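Each remark here refers to the structure printed beneath this line.
Values in this text are rule-based calculations from the coordinates and carry no lab data. Only a predicted model underlies this, so the values are computations on that prediction, with no experimental measurement involved.
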Amino acid sequence: MIYSEKIDKRQITVDKTLSIDGCQLSTARCLLLTAYCLLFLIQPSFAQRAVPEHGGVWVHDEANVLSPATKAQLEAILKAERDSTSNQIAVLIVPSLEGEDIDGYGIRVVEAWKIGTKKNDNGVLLLVSIQDRKVRIEVGQGLEGVLTDALSSRINRNEITPHFRQGDYEGGVKAGVVAIIQAIRGEYVNNEPPARKRGGRSPIATIIIVIVILIIASRRRGGGGGIGGYLAAGALMGGLGGGGRSSDSWGSGSDFGGGGSFGGGGSSDSW
């Protein structure tokens, strides 16, 4: 009887232990399953928007808001600037950042594209996200002294976003590119935000004024700068008719970026 009782007690103890072990195993499985479910649910938030291949193209329009003629004009302006100054300016327009911060995405783009020369760190990226209504000018370390954070913000607010608010993405990108070039040369002088229009100056008049400034600046500098100025002016003039002839592809990547350094200089703004 006593032996039997011991066996029974021992059996009860064993059963309890197994029962406890079984409960722990079930809990572990539940926790693991829960962790997998949570990981599955939050995984999209960690996804980053892919950076398109540079491919020797300096104007990337992933949102399809630029006409082929405008893209060709901008490529001409940027090529003229590279040829005359070695400054490398790129444009990237995306439909959405897909939840990513525009500053972080901008850094990933310039690092992938290696904008600017290693010697001068003279790269600039104009980044636009249409659905997020955000724009950023990312400035290489070698140009931060002339294209400062404050000046970058002024260009965003005064030159680019007024066009974007009206749905004129082509006009905004053109104005931004020209203003960036002028700022690097120390010739950008727009210190105040534009007044609200009361039937004011037309976009065509503004472009003509910019062309005149480019030509005058080119004559003053002479030499290599003159070629860049005249090419940029000619490219912009070709767009005034609205349907200018699109040139064949500019460059095959021979003047692809050299790996300039970026330290977060520039400005992000919205419209």
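With 18 Å as the limit on Cα-Cα distance, the pairs of Lys79/Lys114; Lys71/Lys134; Lys71/Lys119 that go past it are Lys71/Lys134; Lys71/Lys119. Under 5 Å from the amide H of Ile89 lie the amide H atoms of Val124, each residue being 5 or more positions distant or on a separate chain, with H modelled from the backbone and absent for Pro and chain starts. In the distance distribution for the range 106-175, Cα-Cα pairs more than 13 Å apart total 66 percent. Contact order for the range 52-184, expressed relative to its length and based on alpha carbon pairs under 8 Å spaced 6+ residues apart, stands at 21 percent.
In order along the range 147-162, phi translates into HN-Hα couplings of 9, 6, 4, 5, 5, 4, 5, 5, 5, 4, 6, 8, 10, 8, 5, x Hz, rounded to whole numbers, per the Karplus curve 6.51 cos²θ - 1.76 cosθ + 1.60 with θ = phi - 60° and x for Gly and Pro. Computed over the Cα atoms of the range 45-94, the ratio of the radius of gyration to the Kirkwood radius (Rg/Rh) comes to 1.06.
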